[in-house]
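Step one of this worksheet: look at the structure below.
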């Protein structure tokens, strides 16, 4: 199928636009984070006024402004821009898929876009359930970095995938691995923030409570881990069909297995009283670092059966 050059160009434009909007949203999140006051100070936003009559008598009254505090409006604007950027990014993927007539995650550029989109959507869902909106900047910073690297160093022109990847397993295996890895970005960030918050240092006082960060990390990992497991299993099935074996200790397979073991260890540690807290958080952080290592270093540096694909 010939590539639709016009749609491919629109895909690139919406991709670039999403990165720009994510950047603005990050600035707003960091602004809210920097100027958020403590709960005690926030309660003083209600202004007590006193009215004075013409005859000089004094009438006490409480006037509460119906407008939200400026810092909160800045944070809510950051969320709105994050939603807009995610829609632009999703449109970029859809346009790339239509332009090429295939699943839009056939190379590292497209794979990274799907991964970061999954991370952003996960974050938006969590902000609806937990009071962690102002931490959006910490999530979007790695997203922007990944998108920038993908759009520059890893960019690939829209084109059909090579014959080895023309399989329905490209749709199943790569999408599941990409989405689950993107979701796992969020608990990785949450665990890092948990370690900072639980250190007890005053400079991290504005972070949400440690138990909130711990719940976010745990629940998102619980959701992503089964998907990651399914992705690994699908990859083994595809490997048997393509290479005649389910497992060959290829570098990509080996590091993916290490990641799986680390996340399984985290979930076990989180459920074990003696390993909860900082010990479990450290395991989650290491698991995330290994996942990122697998995404970039294994794909781009080490020679292996997966290296030619440039995908997960």
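Things worth noting here:
- Filter result (part of a helix (DSSP H, G or I), without any contact (Cβ under 8 Å) to a residue 60 or more places away in the chain and within 24 Å of residue 268 (Cβ to Cβ)) within region 232-252: 232, 233, 236
- Candidates 143, 94 - the one that is under 27 Å from residue 252 (Cα atoms) and part of a helix (DSSP H, G or I): 143
- As a summary of the residue check, residue 121 satisfies the conditions (1) over 16 Å from residue 223 (Cα atoms); (2) under 16 Å from the mean Cα position of the chain (by Cα) except for the one numbered (1).
- Only a single item in (1) in contact (Cβ under 8 Å) with a residue 12 or more places away in the chain; (2) under 18 Å from residue 179 (Cβ atoms) is not met by residue 226, and it is number (1).
- Close pairs from region 127-141: first farther than 19 Å from residue 23 by Cα, partner surrounded by fewer than 20 Cβ atoms within 10 Å (Cβ to Cβ), Cβ under 8 Å, at least 6 apart: 130/208; 130/212; 130/215; 131/208; 131/212
- When 179, 172, 186 are screened for being closer than 14 Å to residue 125 by Cβ, in contact (Cβ under 8 Å) with a residue 60 or more places away in the chain, in contact with a helix residue (DSSP H, G or I) (Cβ under 9 Å, 6 or more places away or on another chain) and surrounded by fewer than 24 Cβ atoms within 10 Å (Cβ to Cβ), only 179 passes.
- Close pairs from region 5-17: first under 17 Å from residue 144 (Cβ atoms), partner at pLDDT 95 or above, Cβ under 6 Å, at least 6 apart: 14/88; 14/91; 14/92; 15/92; 17/88
- Restricting 106, 78 to residues that are touching a helix residue (DSSP H, G or I) at 6+ places or on another chain (Cβ under 8 Å), buried (at least 23 other Cβ atoms within 10 Å of the Cβ) and either touching a residue at least 60 places away in the same chain (Cβ under 8 Å) or not in a helix (DSSP H, G or I) (or both) narrows the list to 106.
- Members of region 198-217 that are in contact with a helix residue (DSSP H, G or I) (Cβ under 6 Å, 6 or more places away or on another chain) and in a helix (DSSP H, G or I): 198, 204, 210, 213, 214, 216, 217
- Filter result for residue 195 (touching a helix residue (DSSP H, G or I) at 6+ places or on another chain (Cβ under 6 Å) and either part of a helix (DSSP H, G or I) or within 29 Å of residue 133 (Cα to Cα) (or both)): yes
- Only one entry of 190, 236 meets the criterion of being more than 27 Å from residue 141 (Cβ to Cβ) and modelled with pLDDT of 80 or more, and that entry is 236.
The values are calculated or read from the model by the stated rules, or taken from the named source; none is laboratory data. The model shown is predicted, which means the values in this text are computed figures rather than measured ones. Cβ: placed from backbone, ideal geometry, glycine included. Neighbour counts: every protein chain shown.
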